[in-house]
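This report refers to the structure that appears directly beneath it.
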Amino acid sequence: MQESQCSRCTPTLYNTIINAHNNITTLERKKGPSLSLLLTTHAPSMNSHLMDSKSKLWTPPSSSTATTSSSSSSCSESDDTPFSSQRIIPLLPTFFHHSHRSLAVLSGHVGSVSCLALCGEFILSASQGKDIIVWQQPDLRLFAKFGQGDGSVKALATVANKVFTAHQDSRIRVWKVSRSSENVFKLVDTLPTTKDYLGKFMKQSNYVQTRRHHKRLWIEHADSISCLTVYNGFVYSGSWDKTLKVWRISDLKCLESVKAHDDAINGLVACKGVVYSASADGKIKVWGRKDGKGEHCLKGVLEGRNKDVSFNSVVVSEDGKWVYGGGSDGFVMGWERFDFDFERWKMVSETKAHEMAVLCMCLMGEFLCSGSADKSIGIWRREAFGKLCRVGVISGHEGPVKCLQASSNRVGGGFLLYSGSLDKSVRVWWVPRYSSSNNADVEDRDNNSTILGKMNESMSPSIVTC
């Protein structure tokens, strides 16, 4: 297979980012090898050949010069997740502060892009074609490609030097990044593990009825796993079988299985020791442990006014005070928690965000980004009392926007937003931090605008080869 091409790159802004990349100082983590460090150790040269089309795992060629990169922040709140590195990029010229920019379009997936994960210097994207692609920043070159399973990849989660992938075949696969292995991403286990299975299959009390005349072990999902989230040493999985399962990362053992909803679970997020699950039954449920110990129990239920609406995604603010759910009717609903009481919530926002279903959301500080079946991305700012104010709309995808990830890296007074779509592409956007007076609809442009012309006057014409 030939090297995947990145079409319609905007050269000027990304050239600035790449030049700044060479002058950035990273902080050394105190413990544990980060995934970004392990991956960078294996980084191929700019002229390396990519994977053979028949290979399931791509083995990058050795490079005489290994670039070392250390992490200073993590993808989750756990102390043992050295999966990312914070990079502060110098401010860009002020004339970039008032509109979105499309930086790159990444193609290479054989199926619709279903999920994204940010891992330090790398972006992971997975598709319904069972493949997972690792893109290397800042030039967004295809670094590795791996994947395995009888079903499409539905969700990704990262912690330490492990990657968890959830599949339509109701299995979770665990991949490890190894310095010694010739394969950068090595499959090390499948959940539930064989050890866990053998320890339970002989006892009839460990079986639960999933369908008429059909039983499974309670540690097994009975349908497609739709979402994953990682928090404080645990992996949480939500499935179309309506259950929420809790897995311990240290030994990959399934600890709990909760009959969480009356319909499929579509989204999960964890914050401050609390797990939030969004479901097609029109409810977002709040789960926590009593005094932080024991099994998870129901703490609260969030519902909208329309009981027939399916919640496809859920996000929560860093302080755990605000929760937003994206619905199948195109609305984004918001709730505020009363003090520290997870049983008492008040609906504070009911916003018609899109003409079609909201499929995904992500938060970046006070900004909420929503992706929709109408092929657009909405940018919203959280204002007083949790209300949402639209500050921009991004268009460019040729299919429904299925997944979103925002980078915490500060870039020119804004942030980077990554979107995956059913059009089989991943797009990279620069999003400014808007003033209250800015409310513009911005479409992707093929031709250089006046702003790009100004950038070209002061920059080298050389661009990144994607």
| field | Largest-first principal axis extents of the Cα set of the stretch 102-432 (Å) | value | 58, 51, 35
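Students often check this: by mean Cβ neighbours within 10 Å, which of 197-204, 244-251 ranks highest, and how do the rest follow?
Working: 197-204: 11.5, 244-251: 17.6.
Highest-to-lowest ranking by the protection proxy: 244-251, 197-204.
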| query | Once label points are set 7 Å from the Cα along Cα→Cβ at both GLU350 and SER178, what is their separation, rounded to one decimal in nm? | reply | 5.5 nm
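Relative to the present Cα-Cα distance, how much length would full extension add between ASP319 and LYS387 at 0.36 nm per residue of separation? Could you put the intermediate results ahead of the total?
Details: separation 68, 0.36 × 68 = 24.48 nm, distance 1.64 nm.
Contour length minus Cα-Cα distance gives 22.8 nm.
How much FRET efficiency would the formula 1/(1 + (r/R0)^6) give for ASP339 and LEU198, where r is the Cβ-Cβ distance and R0 is 45 Å, rounded to 0.05? Intermediate results must be reported in sequence, preceding the final value.
Numbers: r = 46 Å, r/R0 = 1.03.
Once rounded, the FRET efficiency stands at 0.45.
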| said: I need the fraction of alpha carbon pairs in the stretch 241-363 separated by more than 26 Å, rounded to a whole percent. | reply: 18 percent
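What is the packing order of peptides 209-216, 378-385, taking the mean over residues of other C-beta atoms within 10 Å and listing the highest first? Don't skip to the end; give the middle numbers.
Numbers: 209-216: 10.4, 378-385: 17.6.
Going by the mean number of other Cβ atoms within 10 Å, highest first, we get 378-385, 209-216.
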| said: With the cut-off at 22 Å, tell me which of the pairs LYS176/LYS272; LYS200/LYS259; LYS176/LYS402; LYS245/LYS299; LYS245/LYS283; LYS285/LYS346 have Cα atoms farther apart than that. | reply: LYS176/LYS272; LYS176/LYS402
| Label-point separation (nm) for ARG289 and TYR207, each offset 7 Å from Cα along Cα-to-Cβ? | 3.1 nm
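What ranking do 254-261, 271-278 get when scored by the average of other Cβ atoms within 10 Å per residue, highest first?
On the way: 254-261: 18.9, 271-278: 21.9.
Listed from highest to lowest mean packing, they are 271-278, 254-261.
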| query | Tell me, what is the FRET efficiency for SER395 and ARG248 to the nearest 0.05, using R0 = 56 angstrom and their Cβ-Cβ distance as r? | reply | 0.85
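Each value in this text was obtained by applying a stated rule to the coordinates, not by laboratory testing. As the structure is a prediction and not an experimental result, all values here were calculated from the model. All Cβ positions, glycine included, derive from the backbone under ideal geometry; neighbour counts span all protein chains shown.
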